[in-house]
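Data block below; observations after.
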Amino acid sequence: MPLSDTTCLTLIGIAGAGKSTLAPILARRLGWEWIDTDRLIEATHGERLQAIMDAVGAAEFLRIEEEAVVGFAAQRMVVSTGGSVVYSEKAMQRLKLLGPIVFLDVRLDVFERRVGAAKGRAFVCTEGKRPGDVWSERRPLYQAHADITVCTDASEPEECAAEIIRRLSELPPR
């Protein structure tokens, strides 16, 4: 699929899958800009994600996240989303209209290792749930919305970026 001047490329996946790492690499390779919706929310609200979630609760945070995704101007941009974006059908419809969606998949054991090494990482809709439960709950949602799925378990970020770009070229035109 040739990427047009109005196309965006969206990265979805669980925390630790590599969205924030791959977005700037892909943007550089494509000659585009990139945006991280988690950082956009933090900048708008002047707080870290976990502080925002603690203050407003999961339901309100999901509304804030949806508003951020629906509201930003996008053109020739790689979009790194928060892991919980898949809970909003409105946000996912907007992202789908903007261009292809890439699910960065990661095995459960790799997810748990990466997230365990990043203390203070924010998770939405996890009250009373273990990280593995969240992974199991979200994975089918990511799969349902993805145009492309790329496993990021063992590959280096540059290799993942090259695979994504190659796989994009294989997609049929929209």
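The values are calculated or read from the model by the stated rules, or taken from the named source; none is laboratory data. Predicted model, so just to flag it, every value in this text is computed and none were measured. Here the Cβ positions follow ideal geometry from the backbone for every residue, glycine too, while neighbour counts run over all protein chains shown.
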Q | Failed item in (1) surrounded by fewer than 20 Cβ atoms within 10 Å (Cβ to Cβ); (2) out of contact with any Asp or Glu (no Cβ under 9 Å at 6 or more places or on another chain); (3) of a type in the set (A, V, I, L, M); (4) over 28 Å from Arg174 (Cα atoms), with Ala55 passing the rest | A | (2)
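Any idea which residue in region 80-115 is nearest to Cys160 (Cα to Cα), counting only those that are of a type in the set (S, T, N, Q) and not in a helix (DSSP H, G or I)?
Taking region 80-115 and keeping what is of a type in the set (S, T, N, Q), we get 80-81, 84, 88, 93.
Filter again for not in a helix (DSSP H, G or I), leaving 80-81, 88.
Details: Ser80: 15, Thr81: 17, Ser88: 26 Å.
Across region 80-115, the extreme among qualifying residues is Ser80.
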Q.
For region 124-152, give me each residue that is out of contact with any strand residue (DSSP E or B) (no Cβ under 7 Å at 6 or more places or on another chain) and surrounded by 14 or more Cβ atoms within 10 Å (Cβ to Cβ).
A. Val124, Cys125, Thr126, Pro131, Val134, Trp135, Glu137, Arg138, Arg139, Leu141
**Q.** region 1-22 - residue that is crowded, with 23+ Cβ neighbours inside 10 Å, more than 15 Å from Ala68 (Cβ to Cβ) and in contact with an Asp or Glu (Cβ under 9 Å, 6 or more places away or on another chain) and, of those, modelled with the lowest pLDDT
**A.** Gly16
